[in-house]
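Engineer: Take this structure, written in structure tokens, and hold onto it; I'll ask about it next.
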Amino acid sequence: MPSAEQAAQDRATERELQRKRMEAHLQEPRDSAWASGLEASLSESFEQLRESSPIKYSELECRYLSCKAKLEWPDSASAEADLGKVASLHNGLPCSRLVVLDEMAPGRNETTGTVIFDCQESRLGK
């Protein structure tokens with residue numbers, strides 16, 4: 001089991017990788033036909049998840065090879081309980097899901113994070 005220091009360093013590294021994934025997503029051109037359809041489908045999936053979860057999502061956006069959304073929960077326990085649900089969101093979507101929680105702000109209970117749906121393999125066959 002990693003030390004607390006190593007675990008904190010691992011989380012910081014993963015947050016930095018997610019930040020780079022978000023930057024790459026923002027550099028993609030938008031394929032309107034593909035993106036609009038997938039945004040509608042993912043939005044529906046998030047709404048279904050909200051029926052049994054306190055999760056909130058915003059800034060859902062698809063481009064050419066990926067989609068992203070910001071996530072929020074009322075507390076860390078809710079976030080931890082929902083990570084598997086977010087990872088399996090929209091079952092059948094041939095995209096990997098990368099969910100990273102943000103560092104909690106001091107004095108706040110809310111837990112935020114981002115999810116990237118990486119569809120490069122299914123779109124390009126690589």
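Engineer: Please list 70-83, 26-39 highest first by mean number of surrounding beta-carbon atoms within 10 Å per residue. The partial results should precede the final answer.
Structural biologist: Details: 70-83: 16.5, 26-39: 13.1.
Highest-to-lowest ranking by the protection proxy: 70-83, 26-39.
Engineer: Could you run the Karplus curve 6.51 cos²θ - 1.76 cosθ + 1.60 with θ = phi - 60° over region 30-40 and give me ³J(HN,Hα) per residue in whole Hz, x for Gly and Pro?
Structural biologist: Coupling constants for region 30-40: 9, 8, 4, 5, 5, 5, 4, x, 6, 4, 5 Hz.
Engineer: What distance in nm separates the simple spin-label points at Ala12 and Glu80, each placed 7 Å from Cα in the Cβ direction?
Structural biologist: Going from the Ala12 label point to the Glu80 one covers 2.2 nm.
Engineer: Given the C-alpha centroids of region 88-126 and region 56-81, what is the distance between them in whole angstrom?
Structural biologist: Result: 7 Å between the Cα centres.
Engineer: Still on this structure, I have one more. I need to check one value: relative contact order of the chain, counting alpha carbon pairs closer than 8 Å and at least 6 residues apart, in percent.
Structural biologist: Values: 174 pairs, mean separation 30.6, N = 126.
After rounding, I find 24 percent.
Engineer: Please give the peptides 12-19, 62-69 ranked by average Cβ packing (other Cβ atoms within 10 Å per residue), highest first, as a rough proxy for protection. If you can, show how the numbers build up before the last one.
Structural biologist: Details: 12-19: 13.1, 62-69: 21.6.
My ranking of the peptides, most packed first, is 62-69, 12-19.
Engineer: Explain nothing, just the number: dipole magnitude of the chain about its Cα centre with +1 on each Lys and Arg Cβ and -1 on each Asp and Glu Cβ, in debye rounded to the nearest 20.
Structural biologist: Details: 16 positive and 22 negative charges, 65 e Å.
Magnitude of the dipole: close to 320 debye.
Engineer: Write down the Å³ per residue value for the convex hull defined by the alpha carbon atoms of region 52-122. Before the final figure, lay out each step's value.
Structural biologist: Values: hull volume 5.8 nm³, N = 71.
Enclosed volume per residue, from the Cα hull, is 82 Å³.
Engineer: Let me ask something additional. Semi-axes of the equivalent ellipsoid of the chain: what are they in whole Å, largest first, if each equals the square root of 5 times a C-alpha gyration tensor eigenvalue?
Structural biologist: 25, 18, 13
Engineer: In addition: Have a look at Ser88, Ala33, Ser43 and report the one farthest towards the positive end of the charge dipole of region 4-124, computed about the Cα centre with Cβ charges (Lys/Arg +1, Asp/Glu -1).
Structural biologist: Final value for the positive-end residue is Ala33.
Throughout, read-outs are computed from the coordinates displayed, never taken from laboratory work. All values reported here derive from a predicted model rather than from experimental measurement. Backbone-built Cβ (ideal geometry, glycine too); neighbour counts: all protein chains shown.
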